[in-house]
């Protein structure tokens, strides 16, 4: 995939109108403010942004990375024609098995039921987005040429199967896993996928604060322009090499204590899990 | 033929083994062993199928480089309660060297100057514990909180292997440090992993990592310290509950939780807590944060009162005086 293609995918995926369900999630911000952690609006939002982004990066990015690896590996092998038709199915089954294992680990590590619920609904939405929004239109008159069609088929087949597993509740379809799957299937490089995932987390927190009326849309834009970028960059630098340790290609002496996912913000966890107890609320998480 | 008494594998320094077996209607220790600096003590308890073990360390604490390896087994229909005596203090280095520590020369009583230099990175303290609980057995792990002193680095991993009808309560908590010395969240690292497996399937894995993220040259924004992120609370607790013996306790806590209605407040409360069901139906996770360790202890003592039915009032009072 050349740079233009990748840039175009980035543009599509960063669209705030994308039906990913993130507009109903505040990732604990609404509850945080309700519990009296608001000092002044702008500084509170920046503070929450830093703590929430730091915690999310440390717990979710290893899963984005590993899910991306699984799909990327299958995609390159298919592209290079390195797989016989008979083996294709076997490779795909192995990929699905790995993804389900990642999904299961994320599920058992996400012990806050509100976050678990939000993560699942957004993950499923991403899979639907791929099958309904990124597949080729069926009317062949719209597009000409069949280039990249096979590869497309291999990926859409994988995602279709993964979606079916989620529907049958054989897997959970958590957001970080589905994000890694989706971006790898679309051919987005890992580092860009990680960057965009953290950026979108930060941006959806800012839109939540606008919806909560704690900040105006211009101030939110200002923060996006000047504050979010260094925050995302520093969290990416800190967490981009983290792994789950589940995949075979992890280092032999993988030290989970140093390189594995972890919960780094117990306060955020408690407040987010109290979300449903709010007397009135506008978000689902 | 096997010798009648197969040699018990030697315990290395800091190792320990506890094995509780049911014998008729009572529970007896088929093994209760530990080596320096770990010490396990079991007071006499007059109750059927129940045993209490205190996990202690010499000097009431752990130092950099200490490694505790404990394996615990509870047989079917036994109830094992594990307690500590006072909070587990984690020092960066021991005030006054430990003579029996491996690798310490008995001739040099004063530490070499390099050890007290702030530039040296100290070895981390590690505590690994494995627990196996047989069908209809129960393990209640109810220690005092861990207190990490300035610059201490602590790593704890606890893994629980349960049979289907086994019950489990794990309390894992920490305080912000030696507040009397002005230490609040001044340790360098606290890592605690709790993983629960039931019949070969992992049902919960909680990993808490508290460390000060190094200020990053890329981030032009003032970085948030650990104290910033955890304020205004100075004690954090996590309780995992699983199995038939704790169902009524979970229900009690859930009823209490559901009654809470949150209205917007101006400042954070003295204490805040949450309850989340595990994906596996018969388990739950409770988290508590409080400004005072004692108020968190009081709250826990109330919330877990249902366990008294299993362990009796006397044992329960040892855990929550």
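The values are calculated or read from the model by the stated rules, or taken from the named source; none is laboratory data. Keep in mind it's a predicted model, so treat the numbers as computed, not measured. With ideal geometry, Cβ positions are generated from the backbone for all residues, glycine too; neighbour counts draw on all protein chains shown.
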Suppose the filter is touching a residue at least 60 places away in the same chain (Cβ under 8 Å), in contact with a strand residue (DSSP E or B) (Cβ under 9 Å, 6 or more places away or on another chain) and facing another protein chain (nearest Cβ under 9 Å); does residue B:207 pass it?
no
Of (1) outside any strand (DSSP E or B); (2) in contact with a strand residue (DSSP E or B) (Cβ under 7 Å, 6 or more places away or on another chain); (3) at pLDDT 85 or above, residue B:31 satisfies every one except (1)
Taking the stretch B:171-185 as the region of interest, how many residues are under 19 Å from residue B:207 (Cβ atoms) and either assigned to a helix (DSSP H, G or I) or more than 12 Å from chain A (Cβ to nearest Cβ) (or both)?
1
Within the stretch B:172-220, can you find the residues that are at pLDDT below 90 and surrounded by 20 or more Cβ atoms within 10 Å (Cβ to Cβ)?
B:219
Quickly run through the stretch A:1-30 and pick out the residues that are over 22 Å from the mean Cα position of the chain (by Cα) and in contact (Cβ under 8 Å) with a residue 40 or more places away in the chain.
none
Considering each of B:282, B:274 in turn, give the residue that is under 21 Å from residue B:235 (Cβ atoms), in contact (Cβ under 8 Å) with a residue 12 or more places away in the chain and crowded, with 17+ Cβ neighbours inside 10 Å.
B:274
Residue that is surrounded by the fewest Cβ atoms within 10 Å (Cβ to Cβ) [pool: residues in the stretch A:76-113 that are in contact with a strand residue (DSSP E or B) (Cβ under 8 Å, 6 or more places away or on another chain) and farther than 20 Å from residue A:66 by Cα]:
A:113
All-but-one check, residue A:60 against (1) assigned to a helix (DSSP H, G or I); (2) surrounded by 15 or more Cβ atoms within 10 Å (Cβ to Cβ); (3) at pLDDT below 85, failing number (3)
Positions within the stretch A:227-239 being more than 7 Å from every other protein chain (Cβ to nearest Cβ) and within 16 Å of residue A:209 (Cβ to Cβ), in sequence order
A:228
Flagged in the stretch A:248-269 as part of a loop (DSSP other than H, G, I, E, B) and within 23 Å of residue A:196 (Cα to Cα), in numbering order, are A:260, A:261, A:262, A:264, A:265
Would you say residue B:281 is more than 9 Å from chain A (Cβ to nearest Cβ), over 22 Å from the mean Cα position of the chain (by Cα) and at pLDDT below 95?
yes
Hey, any hits in the stretch A:270-284 for a residue that's surrounded by fewer than 22 Cβ atoms within 10 Å (Cβ to Cβ), free of Cβ contacts under 8 Å to residues at least 12 places away in the same chain, within 11 Å of another protein chain (Cβ to nearest Cβ) and outside any helix (DSSP H, G or I)?
yes
